[in-house]
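The values are calculated or read from the model by the stated rules, or taken from the named source; none is laboratory data. Given the structure is predicted, the values throughout are model-derived calculations rather than measurements. So basically every Cβ, Gly included, is an ideal-geometry build from the backbone, and we count neighbours across all protein chains shown.
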Amino acid sequence: MNILRRNILKGAGAAGAVSVAVAAGLMKPTVAFAGWNKAGFESRDLATSMGAIGANAATPSSDVSVKAPDIAENGAVVPVEITSSIPGTDSIAIISEKNIMPLIAVFNLSNGAQGYISTRIKMGSTANVVAVVKAGGKAYKSHKEVKVTIGGCGG
Amino acid sequence: MAEPMKIRASMSGDTADVKCLMNHPMETGLVKDAKTGGMKPAHFISNVTATVNGKTVMEAEWGGGVSKNPYLAFKVKGAKAGEKVQITWTDNTGDHNTAETTIS
């Protein structure tokens, strides 16, 4: 009997067919659990990454601020703090323009979460860190140039 | 996952400041493995969910560009002291981890 079928039949009464198949390494779990913008995160082209998060029509906004060091000594750990004072901010995305894969993260906010995210990102070389904010169905952006002395992608 | 996730949450006016430190190698899949000559496989947190008092406040999608041992801070207006903040991550191998704290 085919291994997958055997495991499904074995596991059907227990934790469930999906988790058994996952445990057996026979199924890729990411699709089963949550959405993930594969086209965006695997894109190596800045324009494609921006398009994948709906940022092509983003207008520059001074209500979005990107706080990051002028010079990052260690490109592997660059602190980035994004604040949006645009009412109804429901999404903040971070892009590092010159990374091999520019799209870093997308945060979807709800139920009182404010337009504020602080995290640390990897930067391969001196580049703009771009924040794309969505509010009321429109996209806004802002950026900060960070000079990187030692690239952080491990290459 | 040598150490569990650390979360701190405290009120500042009517807003809860939540800070979290996760434990994860966050491999991009773009780095050479000196030992094998191939690339170290991609191994990174792909999804993060945060809830306050049972309600989802943040759902995030990440790539390998987030730094190793990710730090994350966000703010939730209208949260109250005593409410529970729970943060869960899932990575691209299907592994996951959850931690919770009470807003002080």
Index of the failed condition, B:Ala99 passing every other in (1) small (Gly, Ala, Ser); (2) in a loop (DSSP other than H, G, I, E, B); (3) surrounded by fewer than 23 Cβ atoms within 10 Å (Cβ to Cβ); (4) modelled with pLDDT of 95 or more:
(2)
Identify the single condition in (1) of a type in the set (Val, Ile, Thr); (2) touching a Gly at 6+ places or on another chain (Cβ under 6 Å); (3) more than 15 Å from A:Ile121 (Cα to Cα) that B:Thr36 does not satisfy, given that it satisfies every other one.
(2)
Failed condition for A:Ala127, given (1) more than 17 Å from B:Ala60 (Cβ to Cβ); (2) surrounded by fewer than 23 Cβ atoms within 10 Å (Cβ to Cβ); (3) of a type in the set (A, V, I, L, M, F, W, C); (4) at the interface with another protein chain (Cβ under 10 Å from one of its Cβ atoms), with all others met?
(4)
Does B:Val52 fit the bill of being farther than 22 Å from A:Pro79 by Cα, of a type in the set (A, V, I, L, M, F, W, C) and facing chain A (nearest Cβ under 10 Å)?
yes
Quick one: B:Lys68 ticks every box in (1) modelled with pLDDT of 95 or more; (2) of a type in the set (Lys, Arg); (3) surrounded by fewer than 16 Cβ atoms within 10 Å (Cβ to Cβ) bar one, so which box is it?
(3)
Could you check how many residues of segment B:1-40 are charged (D, E, K, R) and touching a Leu at 6+ places or on another chain (Cβ under 7 Å)?
1
Being within 7 Å of chain A (Cβ to nearest Cβ), under 15 Å from B:Leu21 (Cβ atoms) and not in a strand (DSSP E or B) is the filter here, so list the residues in segment B:69-89 that pass it.
B:Pro70
Considering each residue of segment A:112-124, count those that are buried (at least 19 other Cβ atoms within 10 Å of the Cβ), under 14 Å from the mean Cα position of the chain (by Cα) and polar (S, T, N, Q), and give that number.
1
Would you call A:Lys134 surrounded by fewer than 17 Cβ atoms within 10 Å (Cβ to Cβ), over 22 Å from B:Pro41 (Cα atoms) and either basic (Lys, Arg) or not assigned by TED's automatic domain parsing to the domain that holds A:Pro69 (or both)?
no
In segment B:30-48, is there at least one residue being at the interface with chain A (Cβ under 9 Å from one of its Cβ atoms), touching a His at 6+ places or on another chain (Cβ under 8 Å), crowded, with 20+ Cβ neighbours inside 10 Å and not in a strand (DSSP E or B)?
no
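Let's see how each residue does on (1) over 30 Å from B:Thr15 (Cα atoms); (2) within 15 Å of the chain's Cα centre (by Cα):
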position	(1), (2)
A:Ala52	yes, yes
A:Val64	no, no
A:Ala68	no, no
A:Ile100	yes, yes
A:Val129	no, yes
Only one of A:Ile104, A:Ile82, A:Ile94 is crowded, with 23+ Cβ neighbours inside 10 Å, touching a Gly at 6+ places or on another chain (Cβ under 7 Å) and within 16 Å of B:Pro70 (Cβ to Cβ), namely A:Ile104
Restricting attention to segment B:90-104, report how many residues are within 7 Å of chain A (Cβ to nearest Cβ) and within 20 Å of A:Thr119 (Cα to Cα).
2
Looking only at helices (runs of 4 or more DSSP H) that lie completely in segment A:13-101, which have at least 2 residues being modelled with pLDDT under 95?
A:17-23, A:30-33
Take the residues in segment A:107-124 that are touching a residue at least 40 places away in the same chain (Cβ under 8 Å) and part of a loop (DSSP other than H, G, I, E, B); name whichever of them is nearest to B:Leu72 (Cα to Cα).
A:Lys122
